[in-house]
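Single-structure report; data block below.
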Amino acid sequence: MSFDAELEVVYNIANAPIRDFPYPHIFVRDVFPRNFYERILEQLPPEAHLRTLRSLKRVSDNYPDTRLVMPLTPEHVSGLDDERRPFWEGMAGWLLGGPFGQLMTAKFQPYLQGRFGNLAEQRFFDEALIVRDYTKYSLGPHTDSPQKVLSFLFYLPPDDSRAHLGTSIYLPKDRAFVCPGGPHHRFDRFDRMLTMPYVRNALFAFMKTPNSFHGVEPIQEEGVRRDLLLYDIKVSAAAPAVPPLGGAPVKFTM
């Protein structure tokens, strides 16, 4: 990733206003430079390099196989062809284990302090995955695991024709209901507040809270493919088992 492209992405995210309700989140249009976004689409990995979350043992056995991923780790990126491998090595080196995560935690710092108190006492690490969802994929409202801190969903559609496939924000019908994280809940227990449109070169990012209910409405159309680049910051007392391409997990400075 070029230095100019990195600066433009950071500028666009850093200056995006944080919306507080119902939980801290941002939505950014044209997050990447236009020509770089086209290159991302060209470099998306072939299907053979994507695996189900269940096969990677990242989810329970009842999780649908209609979501495929490729983690941006040396193990998975090394198998790409000679054109795609350097591209995704570069993306991982920019995203993971360094300044990008520091800037993102700094942006949400007041909210994170409300959750964690003294951030200097916490150990954060990050990860990134290329994600591909298919027809009939859906995710019931949920708040993510307690380990999650911040989630960044970079939408990667070829056009804006399926904006309705974006991730939705939900409010429980019982407005006092919260969830520490883990289970996916039934749609009929929630009101869909809005859907962050699945459009070209957009970013939806949010902080994990006990009420950060989000999900994906059931996809009914045939032949639907939903590509994303997912970047997460997590908290842990120990480093993850597989270091990212960007280096070993670091303790982000505020």
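Take the range 2-32 and flag every residue that is without any contact (Cβ under 8 Å) to a residue 40 or more places away in the chain and more than 21 Å from Val199 (Cα to Cα). Hits for the range 2-32 are Ser2, Phe3, Asp4, Leu7, Asp20, Phe21.
A single entry from Gly117, Gly140 fulfils the requirement of being modelled with pLDDT under 95, within 18 Å of Gly215 (Cβ to Cβ) and small (Gly, Ala, Ser): Gly140. Per the conditions (1) among the basic types (Lys, Arg); (2) part of a strand (DSSP E or B); (3) touching a Ser or Thr at 6+ places or on another chain (Cβ under 7 Å), the sole criterion not satisfied by Arg132 is (3). Among the residues making up the range 59-113, those that are among the charged types (D, E, K, R), at pLDDT 95 or above, within 20 Å of Arg132 (Cα to Cα) and surrounded by 16 or more Cβ atoms within 10 Å (Cβ to Cβ) are Arg84, Glu89.
Just so you know, in the range 128-137 the residues that are at pLDDT 90 or above and touching a Lys or Arg at 6+ places or on another chain (Cβ under 7 Å) include one that is nearest to Thr105 (Cα to Cα), and it is Val131. Give just the number: which of (1) closer than 25 Å to Val224 by Cα; (2) in contact with a strand residue (DSSP E or B) (Cβ under 6 Å, 6 or more places away or on another chain) does Lys136 not satisfy? Here Lys136 clears every test but (2).
Condition check ((1) touching a Cys at 6+ places or on another chain (Cβ under 6 Å); (2) aromatic (Phe, Trp, Tyr); (3) part of a helix (DSSP H, G or I); (4) in contact (Cβ under 8 Å) with a residue 60 or more places away in the chain) across all residues:
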| site | (1), (2), (3), (4) |
| --- | --- |
| Gly79 | no, no, no, no |
| Glu89 | no, no, yes, yes |
| Trp94 | no, yes, yes, yes |
| Gly97 | no, no, no, yes |
| Met104 | no, no, yes, yes |
| Tyr111 | no, yes, yes, yes |
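The test for being surrounded by fewer than 21 Cβ atoms within 10 Å (Cβ to Cβ) and touching a helix residue (DSSP H, G or I) at 6+ places or on another chain (Cβ under 6 Å) does not hold for Pro180.
The values are calculated or read from the model by the stated rules, or taken from the named source; none is laboratory data. As the structure is a prediction and not an experimental result, all values here were calculated from the model. Cβ: placed from backbone, ideal geometry, glycine included. Neighbour counts: every protein chain shown.
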